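Each value in this text was obtained by applying a stated rule to the coordinates, not by laboratory testing. The structure displayed is predicted, hence computed values, not measured ones. Cβ sites come from the backbone with ideal geometry, for glycine too, and all protein chains shown count toward neighbours.
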Amino acid sequence: MKAVLSLLIAACVLQSTVSNAADLLIENVTVVSPEQATPLRNRHVLIHDGRIVRLSDKRIASKDAQRIDGHNKFLTPGLMDSHVHVSDAVGLPYEDTDPSLAALREQFYRQQPRSYLYFGVTQLLDLANAPEAIATFNAQPQHPDLLRCLAAPALDGYPTVFIDKSVRYRAVPTYIYEPANAAQHPLPAGEDPAAHTPEAIVASIAATDVRCVKLFIEPGFGSASDWPILSEATMQRVRTAAHAKGLLVVAHANGLRSQRIAVAAQVDVIAHGLWNWGEFSGKPDVPAPIAALLKTIRDRRIGVQPTLRVLYGTADLFRADALLDPTYAKVVPPALLTWYGTEAGQWYKREMRKEYGGAPDMKVMFEHLKIANQGMRAVEYLQQLGQPLLLGSDTPSAPTYGNQPGYDTYREMRLMAQAGIPLTAIFQAATINNARQFKLDKDYGTVEAGKIANLLVLSANPLESVRAWSLIDKIILRGEVIERSTLAAKR
């Protein structure tokens, strides 16, 4: 009897938070959509079977529709974060040696999609992932629409350089063999070079359900500077093969040298901001060589994800009050949040200290913030050039608890505002720009008839304050209404 009663209570709770009605009618709402020059006031929006079917300034008759009173509310498209990694459990070691961490990892994966939705992220693009993690994400009862790309790293290059060689080639089988690197990085015994050409790897990637191929132009972090990368000619072969299959090419590149290579290889999207300025680091304003590269990126219409939170997220490890942020309790399972504060949970902070010779925490934090400031100045310069930006948080960029799902997307938008990016441009970066760049604008990015009904009901106008993106009243996911409070981590 108790079991039956529990099921009935659970059903009532679910019914109160998620609507299964075929029709949904949002009445008297102000529609804020990026293709519109100004908000559309007192609109009525009808949704049927998960898609918007009608917008009108007149009342819409729909007898059996679920209704939302939109008076004093703002209706926007759901946000898209085009740079995430849902395979990684934030702050936990990649390789578990403690069996007790398995439960924390499971709790994280259950909460992760809800945390994205809590901050209005209804579409995600995962740029490098493991199939089993994608399946876990999509198996959760409430989750954003998840699209993905696949990685095509250089043999022995980043990110596989962190994986033990005994499993490296099984973990990322879509690596590309670069003959120019053969002396130091020969093909593993028994591997067929013909199976690891750009054309063969792109063909294998295209046979899956992906949007793009991700390349890595990364010679090293910190003291490392000798990781192998693909030659410009090889990357251009990747681009030719990918475009022939209808795929985009995204490049990990965050420095002057690496972004120059990305531009020469004619990639479609650069997956990071330009914060590593090489010999020009520490210079005021934007040095001429940096400005010249940014102008070329603009002229060639290469998409840019600033990913400003990358360095700030690592800096958060060295802030004594980082875990006291009350928002963490909304997006992190309580047991995991407690673990972050333990000696075991500080493992990555200890690893980072080694790179800085045991320097004080404040010094390490400010070193990261100085580099981050260069990325802020670069993205502001791009904006002044008229470059459309793409919202991407790179959650998590490293195994730091400073990059939390959903919350980091919101904080990325806040950093863009701090960098001088207008609120309208931030809104476009999070909606229509991402949709257009990744050829998703048939379904996403605006509040228009025919689009998938992934929408947000806000209590404030996002064109007046970036804080409006934290004042979400309801999330509408493919026409189903979710009360925001039900998405918070269970205490």
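Miscellaneous remarks
- Formal net charge of residues neighbouring residue 487 (Cβ-Cβ distance under 14 Å; K, R +1; D, E -1): +4
- Links that overshoot a 19 Å alpha carbon limit, given the list 330/474; 214/245; 439/474: 439/474
- The equivalent ellipsoid of the chain has semi-axes of 37, 26, 24 Å, largest first, where each one is the square root of 5 times an eigenvalue of the Cα gyration tensor.
- Given their separation in residues at 0.36 nm each and the Cα-Cα distance between them, residue 361 and residue 279 gain 27.0 nm when the chain is fully extended.
- Reachable lysines from residue 283, criterion Cα separation under 18 angstrom, eight or more residues apart if same chain: 370
- Semi-axes of the equivalent ellipsoid for the range 13-144, Cα gyration tensor, largest first, Å: 37, 17, 12
- Working note: Cα atoms of the range 73-115, range along each principal axis, descending, whole Å: 47, 20, 11.
- When only alpha carbons are used to place a centre, the range 282-349 and the range 164-207 end up 31 Å from one another.
- Estimated from helical segments only, the mean residue ellipticity of the chain at 222 nm is -10500 deg cm²/dmol, where each DSSP H run of four or more residues counts as -39500 (n - 2.57).
- Applying both filters, DSSP loop and at most 10 other Cβ atoms within 10 Å, to the trypsin sites (Lys or Arg not before Pro) of the range 413-470 gives 442.
- With a cut-off of 14 Å between beta carbons, the residues surrounding residue 188 carry a summed charge of -2, where Lys and Arg count +1 and Asp and Glu -1.
- Ranked by the mean number of other Cβ atoms within 10 Å of their residues, highest first, the peptides 124-133, 28-37 fall in the order 124-133, 28-37.
- Relative packing of 254-266, 189-201, which averages over residues the other C-beta atoms within 10 Å, highest first: 254-266, 189-201
- Relative packing of peptides 223-233, 172-182 - highest average C-beta neighbours within 10 Å first: 172-182, 223-233
- Of the trypsin sites (Lys or Arg not before Pro) in the range 294-389, those whose Cβ has at most 13 other Cβ within 10 Å and which sit in DSSP loop: 300, 301
- Charge tally for residue 206 (other residues, Cβ to Cβ under 11 Å; Lys, Arg +1; Asp, Glu -1): 0.
- Potential lengthening between residue 292 and residue 245 on full extension [0.36 nm per residue; Cα-Cα distance subtracted]: 13.7 nm
- Two-site label geometry, residue 36 and residue 185: point separation in nm, points 7 Å out along Cα→Cβ: 5.0
- Here the scattering of the range 113-226 is modelled by Debye summation over its C-alpha atoms, one equal scatterer each and no solvent; at q = 0.11, 0.15, 0.23 Å⁻¹ the log10 of I(q)/I(0) is -0.44, -0.75, -1.30.
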